[in-house]
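**Q** Just dropping this structure here.
The values are calculated or read from the model by the stated rules, or taken from the named source; none is laboratory data. Only a predicted model underlies this, so the values are computations on that prediction, with no experimental measurement involved. Here Cβ is always computed from backbone atoms with ideal geometry, including for glycine, and neighbour counts include all displayed protein chains.
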Amino acid sequence: MELQREDWEKLYADTFKGLHEGAVIKGKVIQSRADGVIVDLGTKTEGFISLDELKEEEKQALMPGDAVTVYVMGLRNHDGFIRVSKQKAEGIVSLEGLENAFQNGLPVEGKIVGKVKGGMTVDISGIKAFLPGSQIDLKVIKNSDYLIGQCCPFKVIQLDIKKNNVILSRRILLEEERNKLRDETLLQLGEGAIVKGTVKNITDYGAFVDLGGIDGLLHISDMSWGRISHPSELLSLGDIIDVVVLTFDRESNKVTLGYKQKKPDPWLSAAEKYAEGKKVQGKVINITDYGIFVELEEGVEGLVHVSELDWAEKVRKPSKYFSIGDVVDVVVLKISSADKRISLSIKQLKPNPWDIIKDKYAAGQKITGTVRGFTDFGAFIGLDEGVDALLHISDMSWIKHIKHPSDALKKGEKIEAVISSIEPEKEKMSVSLKDMTPDPWIKEIPDKYSLGDTVKGKVASIAEAGIFVELEGGVEGLVHASEINKGSESMETLFKPGSELDVRIVNIDTSRRKIGLSLKN
């Protein structure tokens, strides 16, 4: 006949000896089986924990001799073991712990396991609790996914065991920790003190550093003695750095910090390290149209003006010749520590070609050069020594009217010329193309042409003042507009370059090297 519950309790009353349903007691693992774990409950009584009561890691971890807390569920099972539950025991212990923590304001440990509407779910020893979004951190965070899986301390701010309602706060504990750190930090802060902090925010004008409950501003101008365009070039979020307290207002708790101040100002010793005339090496850190800036060391940079880049070539775009990061050799021309300025030169590292020119050339001497470029007023003739001489447009021809130098010369063309003047100390040389031949206006032209002569010529060019006509021998004369019977027609309609004309000489001015012509009878 099957025994009823009352019979079982009476039959095993002596064995239980105080054990009763609902009791939470400590036992010791005796044996692990495929279907569960046998536990010694004391007083020669054994209990059985079903396998489905255990977590995966516990199935492997529980070994004979291990202590385990269980909840007594009541009657023995078919093997004669008292049924016990590990999960219920943990739940009861957890609830008791939560009740104690809630009543006494103690923190509890929990694991954030997921997100729900309005906040997150926390597992506290098997009990699911709610963490509102406003209680997650010191400030509302947009994405809290990174917290899932983390174990953190929490404060129980609301507890209803009957409804199984547990509400937690992480923010309260963070505030308490921050206030504690702030008090400790306030004792350490003082102007000139070196403190450790964590970079918590980066802006265009600087970085905010958490010193431990107090934030300090590290302005971009106090980050480096050198040049930086943005704080992110030097710092990253989360960096732990040592900083110097520059100012501290205890009333407002405002702190300004310095990073570069950990090292002395390099300009204090710059005059000794970079004496005038000294050759040094540096890195190109900035390029402008007027020169390049070279960093000699962190915080010390100098300017190589565009005029000090090269002897041979007038550099107009330094960016064509240099790049950021290039390592260059320079010589110090001038230094002012007070103004924090250094003038540098690259060309002074090479021999000055004007020293060679001074000894090699003189006025009246013939030279051979290459047409390197043009301006409206002349052409630059390059010499082998690496300098340019100026050939003015007025020195190109005795007899031709030249509007632009490119009308008479071609870039890259080799020419011979005569040195008109030379000033090595001013780095100037002028040459003349027309002086390669005698001045025809002294004898040749006056002997060949007379007033009133009618001569043949070709239209060379048309100008507002009239037309230039090339006469025999290449000399040009001007037919002024007043000496042309053109009626209402334009000169461009009446005359074409290259067309032949019979003209009359009405003026010969040898001193001004001009011939006046007329088309009137």
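**Q** Name the one entry in I402, I415, I419 that is over 19 Å from K314 (Cβ atoms) and at pLDDT below 90.
**A** Residue meeting the stated conditions: I402.
**Q** Kindly provide the set of residues from the range 247-274 that are assigned to a helix (DSSP H, G or I), out of contact with any Gly (no Cβ under 8 Å at 6 or more places or on another chain) and within 30 Å of N179 (Cα to Cα), ordered by number.
**A** Of everything in the range 247-274, those that are assigned to a helix (DSSP H, G or I), out of contact with any Gly (no Cβ under 8 Å at 6 or more places or on another chain) and within 30 Å of N179 (Cα to Cα) turn out to be Q261, K262.
**Q** Still on this structure: Restricting to the range 506-521, what's the tally of residues that are more than 13 Å from H401 (Cα to Cα), part of a loop (DSSP other than H, G, I, E, B) and in contact (Cβ under 8 Å) with a residue 40 or more places away in the chain?
**A** Counting residues in the range 506-521 that are more than 13 Å from H401 (Cα to Cα), part of a loop (DSSP other than H, G, I, E, B) and in contact (Cβ under 8 Å) with a residue 40 or more places away in the chain gives 2.
**Q** Among (1) outside any loop (DSSP other than H, G, I, E, B); (2) loosely packed, with under 12 Cβ neighbours inside 10 Å, which single condition is G97 missing?
**A** All conditions pass for G97, except number (2).
**Q** Continuing with the same structure: Which numbered condition in (1) crowded, with 17+ Cβ neighbours inside 10 Å; (2) in a strand (DSSP E or B) is the only one that K26 fails?
**A** Among (1) crowded, with 17+ Cβ neighbours inside 10 Å; (2) in a strand (DSSP E or B), the lone unmet condition for K26 is (1).
**Q** Considering (1) farther than 30 Å from S144 by Cβ; (2) in contact (Cβ under 8 Å) with a residue 12 or more places away in the chain, say which one A61 fails and leave the rest.
**A** Only one criterion in (1) farther than 30 Å from S144 by Cβ; (2) in contact (Cβ under 8 Å) with a residue 12 or more places away in the chain is unmet by A61, namely (2).
**Q** I've got another one for you. So, in the range 380-407, exactly how many residues are farther than 21 Å from D439 by Cα and touching a Lys or Arg at 6+ places or on another chain (Cβ under 8 Å)?
**A** Qualifying residue count for the region: 5.
**Q** Would it be correct to say that S125 is buried (at least 16 other Cβ atoms within 10 Å of the Cβ) and more than 13 Å from S169 (Cα to Cα)?
**A** Considered against the rule, which asks whether it is buried (at least 16 other Cβ atoms within 10 Å of the Cβ) and more than 13 Å from S169 (Cα to Cα), S125 comes out as no.
**Q** While we're looking at this one, here's another question. Which members of the range 261-285 meet the condition of being more than 13 Å from V300 (Cα to Cα) and surrounded by 14 or more Cβ atoms within 10 Å (Cβ to Cβ)?
**A** Q261
**Q** Which ones in the range 138-155 are surrounded by fewer than 16 Cβ atoms within 10 Å (Cβ to Cβ) and within 14 Å of A101 (Cβ to Cβ)?
**A** P153
**Q** Take the range 424-437 and flag every residue that is loosely packed, with under 13 Cβ neighbours inside 10 Å and more than 18 Å from S394 (Cα to Cα).
**A** E425, K426 - these are the residues of the range 424-437 that are loosely packed, with under 13 Cβ neighbours inside 10 Å and more than 18 Å from S394 (Cα to Cα).
**Q** Taking the range 470-487 as the search range and keeping residues that are in contact with a Ser or Thr (Cβ under 9 Å, 6 or more places away or on another chain) and hydrophobic (A, V, I, L, M, F, W, C), which one is modelled with the highest pLDDT?
**A** V479
**Q** When you look at L333, is it in contact with a Gly (Cβ under 6 Å, 6 or more places away or on another chain) and either in contact (Cβ under 8 Å) with a residue 12 or more places away in the chain or within 18 Å of E423 (Cα to Cα) (or both), yes or no?
**A** So L333 fails the test.
**Q** What strands (runs of 3 or more DSSP E), lying completely within the range 156-238, carry at least 2 residues that are loosely packed, with under 13 Cβ neighbours inside 10 Å and modelled with pLDDT of 95 or more?
**A** none
**Q** List every residue pair whose Cβ atoms lie under 6 Å apart, where the two residues are 6 or more positions apart in sequence or sit on different chains, the first residue falls within the range 137-155 and is closer than 15 Å to I112 by Cα, and the second residue, located anywhere, is among the small types (G, A, S).
**A** So the pair list comes out as F154/G110; K155/S169.
**Q** Separate question: Counting residues that are without any contact (Cβ under 8 Å) to a residue 24 or more places away in the chain and not assigned by TED's automatic domain parsing to the domain that holds N507, which strands (runs of 3 or more DSSP E) fully inside the range 377-481 reach at least 1?
**A** Result: 378-382, 414-423.
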